[in-house]
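See below for the structure under consideration.
The values are calculated or read from the model by the stated rules, or taken from the named source; none is laboratory data. Since this is a predicted model, take the numbers as computed values, not measurements. FYI the Cβ positions are ideal-geometry reconstructions off the backbone, even for glycines, and counts take in every protein chain you see. Surface accessibility is based on the protein's heavy atoms, side chains included, excluding ligands, DNA and RNA. Shrake-Rupley method; radii C 1.70, N 1.55, O 1.52, S 1.80 Å.
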Amino acid sequence: MSGIRIVGTGSAVPETILTNEDLSRTLDTSDEWIVRRTGIRRRHIASDTEGVHTLAIEAAEKAIAAAQAKDPGFSREKIAAVFAATMTASYVCPSTACILQEELGLPEDIAAFDISAACTGFLYALQTAGHFFAAGKKGYILLVGAECMSRLMDYTDRSCCVLFGDGAGAAVVAPDERAESCFYEIAGTKGSRKELSCLRQPQGDGFLHMDGQAVYRFASLSLRNAVEKLLDMAGLTLDDIDQVVCHQANARIIDSVKKRYPGHEDKFFMHMEEYANTSAASVALVLDDMYGKGLLRPGMRIIAAAFGAGLSWNAVLMTI
Ligand code: UT7
């Protein structure tokens with residue numbers, strides 16, 4: 001498949017911060033426990049006036065501004081599709097993507113839809129963009145991952161609520177015509193509601209429930225396999241990869257993969273300390289943070305990988 005160029009990125013998080021110390025005031029937990037087991041110190045939590053749509057709009061506006069600054073050929077009139085990944089949309093309908101079309105003043109002759117795939121949602125949006133481009137779609141595609149995980153949390157369940165936060169990330173992407181560009185992708189599904197699920201009322205309680213250890217085992221294995229498989233498909237080694245951009249669920253999960261590649265530790269950026277696990281927003285948020293810190297630059301070759309409820313996993317190896 002032809003490559004995808006990341007033209008501009010943006011992100012948005014709520015102002016309100018919930019620290020581990022804050023949680024330990026109402027829960028039998030501690031900053032020490034949470035940091036040691038997960039690497040998380042804080043998470044951003046949406047107020048009553050914020051939601052997936054408001055965070056998505058802010059992140060998307062920033063990605064559009066970044067694209068305008070970086071690519072003279074870009075204008076918002078050239079956005080040909082919008083894919084929004086979320087499982088906590090403010091509106092049941094219309095989709096978050098339709099709200100983005102209206103609020104951002106995008107053309108009407110575009111495809112706009114949401115992707116519900118929990119933590120793998122943003123990479124599915126990226127992969128879908130790749131397929132649209134491969135099928136001949138011209139112009140730019142706006143991808144957004146946005147989530148208000150706090151709305152699914154039972155704040156008396158210490159095994160789950162300490163792990164998640166709210167936020168949004170966005171990217172404007174375009175077909176990549178550079179000769180050296182590459183794009184490889186994988187995706188997998190093992191449907192199961194045992195490890196991670198959230199059933200709406202009245203059948204369920206509307207809270208996210210998780211078997212932490214089972215998810216941990218699945219996540220570590222799927223991340224490790226994803227990196228190995230993509231390198232194999234591309235006939236490359238980690239020497240040929242500039243950064244491995246992982247879904248930010250738990251530092252120990254990323255460490256378990258990092259350990260297998262001695263000498264490459266600096267390629268596994270982490271920032272769950274600040275944002276916790278933001279599900280579909282996670283990979284988009286980390287991409288934007290890495291661009292902002294100068295860790296990602298045009299022409300670099302990266303792997304991006306995610307795993308989560310489904311159970312699902314997906315990953316790409318691409319030139320950015
Ligand atoms: O996008 C994918 C989303 N999910 C994940 O990535 C989660 C993957 N799983 C994990 O990250 C880890 O399994 C957790 C961080 C959730 C839990 O760590 P663990 O080492 O697997 O702990 P555990 O579930 O085996 O629990 C050990 C103990 C238990 O107490 P007892 O039974 O030994 O007395 C838990 O009740 O730790 C207790 N515990 C806590 N203690 C303090 C569970 N949560 C907490 C907490 N604070 N927040």
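Here are the numbers for the structure shown:
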{"quantity": "Rg(Cα) / (2.2 N^0.38 Å) computed for the stretch 170-248, rounded to two decimals", "calculated": "1.53"}
{"quantity": "Inter-part distance where the stretch 1-77 and the stretch 152-218 are each reduced to a Cα centre, Å", "calculated": "15 Å"}
{"quantity": "Whole-number Å³ per residue for the convex hull built on Cα positions in the chain", "calculated": "128 Å³"}
{"quantity": "Length gained when the stretch residue 26-residue 260 is fully extended (0.36 nm per residue, less Cα-Cα span)", "calculated": "80.4 nm"}
{"quantity": "Relative counts (whole %) of C-alpha pair distances in the stretch 41-121, using bins that are 10 Å wide", "calculated": "17, 46, 30, 7, 0"}
{"quantity": "Electrostatic dipole magnitude of the stretch 3-176 [Cβ: Lys, Arg +1; Asp, Glu -1; Cα centre; debye, to 20]", "calculated": "620 debye"}
{"quantity": "Packing rank of 141-151, 15-25, where each peptide gets the mean count of other beta carbons within 10 Å, highest leading", "calculated": "141-151, 15-25"}
{"quantity": "Theoretical gain in end-to-end length, residue 203 to residue 233 [0.36 nm per residue, Cα-Cα removed]", "calculated": "6.5 nm"}
{"quantity": "Residue 190-residue 211 pseudo-label distance in nm [points 7 Å out on the Cα-to-Cβ vector]", "calculated": "1.1 nm"}
{"quantity": "Descending semi-axes in whole angstrom, ellipsoid equivalent of the stretch 115-218, from the Cα gyration tensor", "calculated": "34, 15, 13"}
{"quantity": "Ranked by how many other beta carbons lie within 10 Å on average, peptides 3-11, 75-83 from highest", "calculated": "3-11, 75-83"}
{"quantity": "Using a Förster distance of 41 Å, the FRET efficiency for residue 92-residue 177 (Cβ separation, nearest 0.05)", "calculated": "0.55"}
{"quantity": "Estimated [θ] at 222 nm from DSSP helical runs (n ≥ 4, -39500 (n - 2.57)) normalised by residues in the chain, nearest 500", "calculated": "-9500 deg cm²/dmol"}
{"quantity": "When the stretch 1-63 is reduced to its Cα atoms, the Kirkwood hydrodynamic radius in Å", "calculated": "14.3 Å"}
{"quantity": "Gaussian network model of the chain, springs between alpha carbon atoms under 10 Å - residue of 92, 245, 227 with greatest fluctuation", "calculated": "92"}
{"quantity": "Shape metrics for the stretch 183-319, restricted to C-alpha atoms - Rg then Dmax, Å", "calculated": "15.5, 52"}
{"quantity": "The stretch 3-176 - Rg and Dmax from Cα coordinates, angstrom", "calculated": "17.5, 55"}
{"quantity": "Local electrostatic count, residue 106, Cβ distance below 14 Å [Lys/Arg +1, Asp/Glu -1]", "calculated": "-4"}
{"quantity": "Protein accessible area in the chain, 1.4 Å probe - carbon and sulfur %", "calculated": "50 percent"}
{"quantity": "For the stretch 102-166, diffusion coefficient by Stokes-Einstein and Kirkwood Rh (Cα), 10 °C, 1.306 mPa s, µm²/s", "calculated": "110 µm²/s"}
{"quantity": "Per residue accessible area in Å² of the chain, where ligands, DNA and RNA are left out and the probe is 1.4 Å", "calculated": "42 Å²"}
{"quantity": "Pairwise FRET efficiency - residue 70 versus residue 36, Cβ, R0 = 41 Å, nearest 0.05", "calculated": "0.55"}
{"quantity": "With 5 Å bins from 0: P(r) over the stretch 148-194, alpha-carbon pairs, percent", "calculated": "4, 12, 12, 11, 17, 14, 11, 10, 6, 3, 1"}
